[in-house]
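Student: Please find one structure pasted underneath; my questions will follow.
The values are calculated or read from the model by the stated rules, or taken from the named source; none is laboratory data. Keep in mind that what you see is a predicted model, and the values were worked out from it rather than measured. Cβ: placed from backbone, ideal geometry, glycine included. Neighbour counts: every protein chain shown. These accessible areas exclude ligands, DNA and RNA; they are computed on the full protein's heavy atoms, side chains included. Shrake-Rupley method; radii C 1.70, N 1.55, O 1.52, S 1.80 Å.
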Amino acid sequence: MIVATGAVSSYNVDKKICHTGGDRAMPSYRKSAQAQVDMTHGSVLGRAALFALPICAGNILQLLYSTVDTLVIGNFCDTTALASVATSSQPLEILLCVFVGIGSGISILVSQAVGRADHDQLQKLVRTSVWLLFAASLPLTVIGFLLGPWMLRLMQVPADAMPGAVLYLRITMLGILGNMGYNFNAGLLRGIGNSSSSLLLLFISCAANIVLDLVLTGALGLGIGGVAAATAIALFLSWICSIFYIRRRCTELALPILPCGFDAGALRQIVRIGLPLGLNSALYSIGHIFLQVLYNLQGSVFVAGCSVAGKVGGLANITVTSLSQATSVFAGQNLGAQSYSRLRRGGWLLPAASGLLSLAGGLLMAACCRPLLLLFTQDEAVLAFAVRYIRVVLPFQWCYAAFNAIMSFANGMGEIRYSTIVNIILLWGVRIPASYLLAWLGYGSYAM
């Protein structure tokens, strides 16, 4: 659940970050201007692509990060272990999603502060985000460690997968501070238009996860516990590296290592924007638990098939999250700069581009998914479910891509309530009832 935002590269962006009139740019931003993208000028698609490409590369690494766990489990363990890892991710996601949403809210507020050239507000947001990180993550770790097994039982996890799911969940819970810390820092970097600087950091974390997976699970035979430990260690590594990078290369953010107080006004703003985003994600994750219960009732083979299909299907959705984050920052910067004509143009151009790219990726993956799926498992029963999942779902993902870009545009302008309402209707009013209806009618393998 790491948010990938890009790596260190050299963008030739010498213009002022803010264009709200005269010379009201923040001089300190010139120190790291090469890594930042000013979305208030130039080609809408060109600037969005410049911002999104590092995120896209980061999403590939993020997908690789989680895919390696599945590959290692699929090749060194059995189908039950694969189902254990697949089912244990939802409780962690629910506990984290509110604060991942708050991290997105921080990104939106930072982008608006950059657009207004409000350096003081920017530093208040940074200081408050660090305080909020420690105030929330430590209690969350304890709560998750204690309540995680109860949530797994509530999800009707198959009995043979339950011990492994509890072990994986409890070990990965220990990485919550690193997970949230990286997400918050990535939100700060995206907000100032810097989507490239964390790709190298994510690469280091991903490489560490791969090596630790192979050593702990492959060489030492620690099984699910080894994969979980590798994930927790890599999460902390990514957070620590992001702290050192920001303090060294983005000095204008003045990022403290430990909490040093907070600004009440900035905290209210973060909660006002981030909490609805987080609750939106929470409702989405709770909805997915209802769907996961439906999957679990189909047995471990079905759960394993959906798991490996999700890894391959994620390749086709890389552009969705990349362009959605670019769209959110685009809207925030141009709203702050009061560039309304550019806002209107980006409001239809970016969702259209996201939909077209997702359509191409979905059709390609549906056509050649089986060779990729064979990398994860040789079990024919698992492969049959995975192939069916991809061929039913991916050709229609372009609808979600365009919709998600529109919602991200609204979020970037601070209009969070619209995306919350629409997501509730789509998930709770359409997808969950349709899935249970299909399962009741005897089409459980299509209820996805």
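Student: Please turn the phi angles of the range 250-255 into ³J(HN,Hα) values with the Karplus equation 6.51 cos²θ - 1.76 cosθ + 1.60 (θ = phi - 60°), one per residue in order, whole Hz, x for glycine and proline.
Tutor: 10, 5, 5, 7, 6, 6
Student: Over the chain, what percent of the accessible surface lies on carbon and sulfur atoms, probe 1.4 Å?
Tutor: In the chain, the share of accessible area belonging to carbon and sulfur is 68 percent.
Student: For residue 93, what accessible area in Å² do you get when you roll a 1.4 Å probe over the heavy atoms of the protein chains, rounding to the nearest 10?
Tutor: So the heavy atoms of residue 93 present about 60 Å² to solvent.
Student: Here's a follow-up. Report the full-extension gain for the segment residue 356 to residue 154: residue separation times 0.36 nm, less the Cα-Cα distance, to one decimal in nm.
Tutor: So the chain would gain 68.8 nm between residue 356 and residue 154.
Student: How much accessible area per residue does the chain have, in Å², with a 1.4 Å probe?
Tutor: I get 39 Å² per residue for the chain.
Student: Then there is this: Report the extension gain between residue 384 and residue 297 in nm, rounded to one decimal, defined as 0.36 nm multiplied by the number of residues separating them, less their alpha carbon distance.
Tutor: 29.6 nm
Student: Another question, then. Answer with a single label: of [x] 36, 28, 23; [y] 32, 25, 23; [z] 36, 24, 20, which was calculated as semi-axes √(5λ) of the Cα gyration tensor in Å from the structure in view?
Tutor: Given [x] 36, 28, 23; [y] 32, 25, 23; [z] 36, 24, 20, the calculated one carries the label [z].
Student: How would you order 417-423, 351-357 from highest to lowest mean count of nearby Cβ atoms within 10 Å?
Tutor: Per-residue mean Cβ counts within 10 Å order the peptides as 351-357, 417-423.
Student: With equal scatterers on the alpha carbons only and no solvent term, can you work out the Debye log10 of I(q)/I(0) for the range 244-331 at 0.18, 0.19 1/Å?
Tutor: Scattering profile of the range 244-331, log10 relative to I(0): -1.07, -1.10.
Student: Which one of 157, 71, 428 has its Cα pushed farthest toward the positive end of the charge dipole of the chain, where Lys and Arg give +1 and Asp and Glu give -1 at the Cβ?
Tutor: Positive-most Cα among the choices belongs to 428.
Student: Express in nm, to one decimal, how much length is gained between residue 264 and residue 441 on full extension, taking 0.36 nm for each residue of separation and deducting their alpha carbon distance. If you can, show how the numbers build up before the last one.
Tutor: Details: separation 177, 0.36 × 177 = 63.72 nm, distance 5.32 nm.
Computed gain between residue 264 and residue 441 is 58.4 nm.
Student: What spacing in nm lies between the two simple spin-label points modelled at residue 341 and residue 135, each 7 Å away from Cα in the Cβ direction?
Tutor: Distance between label points: 4.3 nm.
Student: Ok, one more. Between 342, 170, 248, which gets the highest mean-square fluctuation from a Gaussian network model of the chain, Cα cutoff 10 Å?
Tutor: The residue that fluctuates most here is 248.
Student: In deg cm²/dmol and to the nearest 500, what is the mean residue ellipticity at 222 nm of the chain if only DSSP H runs of at least 4 residues count, each as -39500 (n - 2.57), divided by the residue total? Show your work: numbers first, answer last.
Tutor: Values: 16 runs with 326 residues, N = 448.
Calculated mean residue ellipticity at 222 nm is -25000 deg cm²/dmol.
Student: I need the helices of the chain that pass two filters: whole DSSP H segments spanning 27 Å or more by Cα along the axis, and mean Kyte-Doolittle score no lower than 1.0.
Tutor: Counting only whole DSSP H runs, the qualifying helices are 44-76, 79-116, 224-249.
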